[in-house]
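Undergrad: Have a look at this one.
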Amino acid sequence: MTAQGPGLVCAHHHLYSSLARWLPGPARTPLGFLEVLELLWWRLDVALTPADIAWSARLGAVEALEAGCTAIVDHHESPAAIDGSLDVIAEACAEVGVRVVCAYGVTDRHGAGGAKAGLAENERFLRAGGRGLVGVHASFTCSDDTLEAAAGLATDLDVGVHVHVAEGEGDTWPRLARLADERWLLAHGVHLPDHHGLAGTIVHNPRSNMNNGVGYARPARFANPVALGTDGIGADLLEEARLAFARLREHDATAPPTVTWAWLEQGWALVPEAQADIVTWSDEPGVFATGVRAVDVVVAGEVVLSEGRTTRVDADEVRARAAEQAASLAGRW
Ligand SMILES: [Zn+2]
């Protein structure tokens, strides 16, 4: 029995990571979260070209529609191809028919020049009318000056900051407390204390946190609004909500499904238009309803998924071209 509902929102994604499934693994097994960043993600992001970014984003956008996700809040980094990178992502998502909120993750990992270029990309994109937030990688890779510049830019442009917070134990998040306001998006928050003093929405990414072994964020303890993200592992938000519920119940077997469903619905506070999108599901979604698929998806009145197939692009071709691009990337990283 099919069921209809609004489009889902992925509140924290990395569209640049879609090609990683085809890349060889790290040279050695990472011994902790920092090494996962150093041996995989920071090696991948520095190798990205505009063509890699475009095919990775198209594939991620196709997979979002196939999962009934009509809006992606993306966090991007490509240190060797910063200028114009947010346009590449926005255009790729527009081609496929998915809403996207872009941000470039500013960092001092590549010196003050890299941080400046990242800030400039956020500013260029937003001033040109792009939908986005100001991105910051995480405070542990940023100087005080960079954090203040990013927060100041966000205030000037009347948007929030999208930043990783306390994902691993080594993050220096307390410096954000006096900068953050309620428009900020705080991804992970695993190692935040209950009363951390940060304003903003906390984005819970249970699958990614489990995959990286960083711990359970216990998001039910926060006074902040909580939304759900995938941290780049696809955009199947029903799956993420089911996983969030299982993790919640592991710690509190009395918690009702409405807790995790409210986290899913919090995405509409970030991208309100998604609530007017229409997803026809193969069955009624719920925390125990595994295998529910998106059959049809309507975004802004246009059918962008029909009988499980994207209408604007050929999903098979996007997958094939993305895999070819990944083979090229594998030879360069
Ligand atoms: Zn992330």
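The values are calculated or read from the model by the stated rules, or taken from the named source; none is laboratory data. These numbers were taken from a predicted model, which means no experiment stands behind them. When we count neighbours, we look across all protein chains shown, and the Cβ atoms used for this are built from the backbone with ideal geometry, even at glycine.
Undergrad: Looking at the stretch 44-71, I want the residues that are over 28 Å from GLU284 (Cα atoms) and have a partner that is among the aromatic types (Phe, Trp, Tyr) and crowded, with 21+ Cβ neighbours inside 10 Å with Cβ atoms under 7 Å, at least 6 apart or on another chain. Which pairs are those?
TA: ASP45/TYR16; LEU48/TYR16; ILE53/TYR16; SER56/TYR16
Undergrad: For the subset of the stretch 98-112 comprising residues that are at pLDDT below 95 and outside any loop (DSSP other than H, G, I, E, B), which member is nearest to ALA154 (Cα to Cα)?
TA: ALA112
Undergrad: Condition (residue is within 24 Å of ALA149 (Cβ to Cβ) and at pLDDT 95 or above) applied to the stretch 202-213: is it met by at least one residue?
TA: So far as the stretch 202-213 goes, yes, one or more of its residues are within 24 Å of ALA149 (Cβ to Cβ) and at pLDDT 95 or above.
Undergrad: Hey, among VAL159, VAL163, which residue is surrounded by 20 or more Cβ atoms within 10 Å (Cβ to Cβ) and within 21 Å of the chain's Cα centre (by Cα)? Give the steps one after another, and end with the answer.
TA: Details: VAL159 fails: surrounded by 20 or more Cβ atoms within 10 Å (Cβ to Cβ).
Result of the check over VAL159, VAL163: VAL163.
Undergrad: Taking the criterion of being under 27 Å from VAL295 (Cα atoms) and among the polar types (S, T, N, Q), would at least one residue in the stretch 243-258 satisfy it?
TA: Yes; the residues of the stretch 243-258 include at least one that is under 27 Å from VAL295 (Cα atoms) and among the polar types (S, T, N, Q).
Residue by residue, here is whether (1) in contact with a strand residue (DSSP E or B) (Cβ under 7 Å, 6 or more places away or on another chain); (2) outside any strand (DSSP E or B); (3) of a type outside the set (A, V, I, L, M, F, W, C); (4) within 12 Å of the ligand (Cβ to nearest atom) holds:
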| site | (1), (2), (3), (4) |
| --- | --- |
| GLU169 | no, yes, yes, no |
| ARG178 | no, yes, yes, no |
| LEU186 | yes, no, no, yes |
| LEU198 | yes, yes, no, no |
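Listed here are the residues, each with its yes/no results for (1) crowded, with 21+ Cβ neighbours inside 10 Å; (2) within 16 Å of the ligand (Cβ to nearest atom); (3) under 21 Å from VAL9 (Cβ atoms); (4) modelled with pLDDT of 95 or more.
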| position | (1), (2), (3), (4) |
| --- | --- |
| LEU237 | yes, yes, yes, yes |
| ALA253 | no, no, no, yes |
| ASP277 | yes, no, yes, yes |
| GLY291 | no, no, no, no |
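Undergrad: Filter the stretch 69-87 for residues that are crowded, with 24+ Cβ neighbours inside 10 Å and either modelled with pLDDT under 95 or of a type in the set (A, V, I, L, M) (or both); which is nearest to the ligand (Cβ to nearest atom)?
TA: Result: VAL73.
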